[in-house]
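Enquirer: A single structure is presented below for examination.
Only the coordinates and a few stated rules stand behind these numbers; no lab work does. Computed from a predicted structure; not experimentally measured. All Cβ positions, even for glycine, are placed from backbone atoms using ideal geometry, and neighbour counts span all protein chains on display.
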Amino acid sequence: MTGKPVLMKDAILASRDFFGSLDCEGFARWLWAGVSTLYTQKTYKGFAPMDGWMGFGETSIDDLNTIYRELVPAEQQALFRQAIGNVIDAHKDDEGDIAVEEIREFMYLAFLVDAVEVVKVIARVVGYGLAAKKSKQLLYYAISDLKTFAPSSDLREAMLALVDSPNFRDNFIFDVVESLHRRGMMLAGDDAIPRLTARMDDFYRRARAFGGKGFINVKEDAAAISWYRIPKIQKK
């Protein structure tokens, strides 16, 4: 009756020893090997020697979140989080469908483990990478994920950098402004207000010129523009 608990305890200790031996590059190699092998070969073998811990969650990313919280030693967790950013950054110019999906998966993992260390990396990869240029969905996912992180100066900088990037699309400007303002990252007198308002005005003008065709929620976004006018923000 005591055999299984003992084996489980030994397996947990072995797992923690494995993760305790990794540096940031080691975590990145392990993460990429596991996820890429899963996508190309439909097997968890790339996660060896931790493959036995995979397949219990709804997705492989849920499994990785569980592994991070239960098996990665506390003193190693920052390296795990940083490694997520390293993996995303290393493959930002991969244009294959698999690479694009993997970047999306790692952005989701960053959200699950609250990897605040990688918010600037996400903005850079999605704003300038060829993968995000090919897949416009990555911009949507990046903004959605960034909005879940706790407000901080790094998050503010990342979101503004994303707005200024070549891959940014103006129909997402309202999501960014709302997140910055409502969460206290854009206050009265903020030097970002004029250029953000100009971007919103420009988007609205183009939307009106095309009768709103091809734009998302133009009526709602138009109302947002008047709500976010500079004078009103400055009165807050």
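Enquirer: By its C-alpha gyration tensor, with a ≥ b ≥ c as the square roots of the eigenvalues, how is the stretch 114-216 shaped: rounded for a/c under 1.5, else prolate for a/b larger than b/c, else oblate?
Expert: The shape class here is oblate.
Enquirer: Which angle from 0 to 90°, rounded to the nearest 10, does the C-alpha axis of helix 218-227 make with the longest principal axis of the chain?
Expert: Helix 218-227 and the main axis of the chain meet at about 70 degrees.
Enquirer: For the stretch 3-133, I need the span (max minus min coordinate) of the C-alpha atoms along each principal axis, in Å, sorted largest to smallest.
Expert: 53, 31, 22
Enquirer: Hey, another quick one. On a 0 to 90° scale, report how tilted helix 137-146 is relative to the longest principal axis of the chain, with both axes built from alpha carbons and the result rounded to the nearest 10.
Expert: The angle comes out at about 80 degrees.
Enquirer: So for the stretch 53-97, taking the charge dipole from beta-carbon charges (+1 Lys/Arg, -1 Asp/Glu), which of Gly55, Gln77, Asn65 sits furthest toward the positive end?
Expert: Towards the positive end, the residue furthest out is Gln77.
Enquirer: Take every Cα pair under 8 Å in the chain that's 6+ residues apart, average their separations, divide by the length, and report that relative contact order as a whole percent.
Expert: It rounds to 13 percent for the chain.
Enquirer: Any chance you could give the angle, 0 to 90 degrees and rounded to 10, that helix 97-112 forms with the longest Cα principal axis of the chain?
Expert: Roughly 90 degrees, rounded to the nearest 10.
Enquirer: Determine, from the Cβ-Cβ distance of Ala78 and Phe56 and an R0 of 22 Å, the FRET efficiency 1/(1 + (r/R0)^6), rounded to the nearest 0.05.
Expert: With R0 = 22 Å, the Cβ-Cβ based efficiency is 0.30.
Enquirer: Hey, another quick one. Could you work out how much longer the chain between Thr40 and Tyr128 gets when fully extended? Use 0.36 nm per residue separation minus the Cα distance between them, nm to one decimal.
Expert: 29.1 nm
Enquirer: Here is a further query. Viscosity 1.567 mPa s, temperature 4 °C: Stokes-Einstein D of the chain from its Kirkwood Cα radius, in µm² per second?
Expert: 66
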